[in-house]
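Nothing in this text is a laboratory measurement; each read-out follows from the coordinates by a stated rule. In this text the structure is predicted, and so the values were computed from the model without any measurement. Cβ atoms come from the backbone with ideal geometry, glycine included; neighbour counts cover every protein chain shown.
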Amino acid sequence: MRRKTLVLATGNEGKIRELTALLKDLPLKILTIKDFPEIEPPEEVGETFFDNAFLKARHWALATGHLALADDSGIEVDALGGAPGVHSARYAGPGASDEDNIRKLLEEMKNVPWENRTARFRCVIIVYHPSGRWLKAEGVWEGLIANSPRGKEGFGYDPIFLPMEFDFKKTAAELSPEVKNRFSHRGRALAALREMLPEFLKGL
């Protein structure tokens, strides 16, 4: 199968690393939005992860003329009514750093007992072709919110997320990228997507 160009519709270096690693053996030439500095990114105004992933994938596919992949993902904390959710990247305000967002979340969780600190990472991935054809995949990763950050791997809320697969003993930021990609919300969404992609690419 002839290689097709796929634009990763994100400027987040952590996501680019994860997505590139998870897609590396597919017949795709991977570009990112950094290869198209003249194109303005869309405003993420969706109310759901699907809304934002779809509008980003569609925007970059139509603007570049290439297949585009966008994900929208975040952390949902039960004790906070599902927040930060779609606002995960900007939870502490516009331009907030990962550390700012973690600090705010931990402050809001400081009086929440261990058994009520349940949370999950959720990821929705959309692949959109300029012809209007598209695919959707979703992944969820269940765990608990730690009392303090630990670990140097990963990005975002990884230092305070304790996955259930490791008996809540390790944060996502204490896992190697290879291990994290096997279990993570993004890894699961991409695993589902990979099953559908070959047939989808054949039809383009």
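Results, tabulated for the structure shown:
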| read-out | value |
| --- | --- |
| Over the range 81-138, relative contact order from alpha-carbon pairs under 8 Å, at least 6 apart, % | 18 |
| Counting DSSP beta bridges with both ends in the range 4-202, the antiparallel % (nearest 5) | 75 |
| The range 90-110-the range 1-63 distance, computed between alpha-carbon centres (Å) | 25 |
| Difference of contour (0.36 nm per residue) and Cα-Cα distance, Ala21 to Glu199 | 62.0 nm |
| Exposure proxy ranking, count of Cβ atoms within 10 Å, fewest first, for Ile30, Ile75 | Ile30, Ile75 |
| DSSP-defined beta bridges in the range 1-112 - what % are antiparallel, rounded to 5 | 10 |
| Packing rank of 120-132, 78-90, where each peptide gets the mean count of other beta carbons within 10 Å, highest leading | 120-132, 78-90 |
| At R0 = 41 Å, FRET efficiency that the Cβ-Cβ distance of Thr5 and Asp78 yields, to 0.05 | 0.50 |
| Length added when fully stretched, Phe155-Asn12, from 0.36 nm per residue minus Cα-Cα | 50.5 nm |
| Listed pairs Lys34/Lys110; Lys34/Lys169; Lys15/Lys170; Lys110/Lys136 exceeding 29 Å between Cα atoms | Lys34/Lys110; Lys34/Lys169; Lys110/Lys136 |
